[in-house]
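Colleague: Structure provided below as structure tokens; questions to follow.
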Amino acid sequence: MLSKRVLVLISCLAGVAGLGVAAIGVAPALAETAAPPADPAELEELRLAADRGDAAAQNNLGMMYYDGDGVAQNYGEAVRYFRLAADQGDAGGQFAVGRMYAEGRGVTQSDDEAARYFRLAADQGDADAQFILGLVYAEGRGVAQSDGEAYFWLSLAASERAEFAEDRDFAESLLNSPEIADVQARVAAWKAKK
């Protein structure tokens, strides 16, 4: 199971990424409240767009079901819609499915699957996924623990978002000079390909 720190960060970052703001320990209570119904015409239009393969619509429906926004909260439906977007290669959908596996909402909790989906989104340059993947490597959750891989992913994330620099710097402090140089060369090569 992912540590509480990583789960809290995932929830916080999910809010930043537009995936809802349900906090750890609060979301189960939300499941017991009735959501105001969405405008039926708008909801039907969104479902039709999702059925046509529109990844943004799929993510929006997933978010609505995750948060219980305009529909009854249903983590199974949230995962279904997020997975539809993820299966099309949508980084937001991949991050969201990773989050669902990390939290064990709508799916059986799995660090391996969470890491796999975060990696898919991170490989596309999603800074939030890169940050979470760096933490996953730092803790060895669903992947072999590796300070070098943690530093790699945290470096990529910090190059996009300054607020990730402190974690990157801490990961760097765990490595020796040749290891740091190797990772920095990998980061430069990765960026050159993107």
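The values are calculated or read from the model by the stated rules, or taken from the named source; none is laboratory data. A quick note: this is a predicted structure, and the numbers were derived from the prediction, not measured. As a convention, Cβ positions derive from the backbone with ideal geometry for all residues, glycine included, and neighbour counts pool all protein chains shown.
Colleague: Here are some conditions: (1) more than 30 Å from A158 (Cα to Cα); (2) crowded, with 21+ Cβ neighbours inside 10 Å; (3) modelled with pLDDT under 95. A22 meets all but one. Which one does it not meet?
Modeller: Single failed check for A22: (1).
Colleague: Is it the case that segment 53-71 has a residue that's of a type outside the set (A, V, I, L, M, F, W, C), surrounded by fewer than 15 Cβ atoms within 10 Å (Cβ to Cβ) and in a helix (DSSP H, G or I)?
Modeller: No, segment 53-71 contains no residue that is of a type outside the set (A, V, I, L, M, F, W, C), surrounded by fewer than 15 Cβ atoms within 10 Å (Cβ to Cβ) and in a helix (DSSP H, G or I).
Colleague: Further question: What are the residues in segment 159-177 that are assigned to a helix (DSSP H, G or I), closer than 23 Å to A192 by Cβ and touching a residue at least 12 places away in the same chain (Cβ under 8 Å), if any?
Modeller: S159, E160, F164, R168, A171, E172
Colleague: Tell me, which residue of segment 78-113 that is over 15 Å from D126 (Cβ atoms) and of a type in the set (D, E) is surrounded by the fewest Cβ atoms within 10 Å (Cβ to Cβ)?
Modeller: D112
Colleague: Yes or no: D126 of a type outside the set (F, W, Y), out of contact with any Lys or Arg (no Cβ under 8 Å at 6 or more places or on another chain) and over 30 Å from E179 (Cβ atoms)?
Modeller: Details: of a type outside the set (F, W, Y): yes; out of contact with any Lys or Arg (no Cβ under 8 Å at 6 or more places or on another chain): yes; over 30 Å from E179 (Cβ atoms): no.
Criteria not met by D126.
Colleague: Select, from A144, A157, the only residue that is under 15 Å from the mean Cα position of the chain (by Cα) and under 23 Å from Y101 (Cβ atoms).
Modeller: Details: A144 fails: under 15 Å from the mean Cα position of the chain (by Cα).
Sole residue among the options that is under 15 Å from the mean Cα position of the chain (by Cα) and under 23 Å from Y101 (Cβ atoms): A157.
Colleague: Within segment 118-135, restricting attention to residues that are of a type in the set (A, V, I, L, M) and under 16 Å from R168 (Cα atoms), which residue is nearest to the chain's Cα centre (by Cα)?
Modeller: Of the residues in segment 118-135, the ones of a type in the set (A, V, I, L, M) are 120-122, 127, 129, 132-133, 135.
Narrowing the set further to residues that are under 16 Å from R168 (Cα atoms) leaves 122, 127, 129, 132-133, 135.
Details: A122: 9, A127: 10, A129: 5, I132: 7, L133: 9, L135: 12 Å.
The extreme case among them is A129.
Colleague: Continuing with this model, one more query. Can you confirm whether segment 103-116 contains a residue that is in a helix (DSSP H, G or I) and of a type in the set (V, I, T)?
Modeller: Here is the first cut: in segment 103-116, the residues in a helix (DSSP H, G or I) are 103, 111-116.
Next cut, of a type in the set (V, I, T) only: none.
No, that holds for no residue.
Colleague: Follow-up question, since we're still on this one. How do the pairs read when you match residues in segment 116-136 that are closer than 14 Å to F164 by Cβ and touching a residue at least 12 places away in the same chain (Cβ under 8 Å) with residues anywhere that are surrounded by fewer than 23 Cβ atoms within 10 Å (Cβ to Cβ) and hydroxyl-bearing (S, T, Y), using Cβ under 7 Å and keeping only pairs 6 or more apart or on different chains?
Modeller: Going by the 7 Å Cβ cut-off, there are no qualifying pairs.
Colleague: Picking from A150, A115, A138, which residue would you name as being at pLDDT 95 or above and within 11 Å of the chain's Cα centre (by Cα)? Before you say what the answer is, go through the steps one by one.
Modeller: Values: A150 fails: within 11 Å of the chain's Cα centre (by Cα); A138 fails: within 11 Å of the chain's Cα centre (by Cα).
It is A115.
Colleague: I'd like to check something: does segment 144-163 contain any residue that is in contact with a Ser or Thr (Cβ under 8 Å, 6 or more places away or on another chain) and buried (at least 18 other Cβ atoms within 10 Å of the Cβ)?
Modeller: Applying the first criterion (in contact with a Ser or Thr (Cβ under 8 Å, 6 or more places away or on another chain)) to segment 144-163 yields none.
Looking through segment 144-163, none of the residues is in contact with a Ser or Thr (Cβ under 8 Å, 6 or more places away or on another chain) and buried (at least 18 other Cβ atoms within 10 Å of the Cβ).
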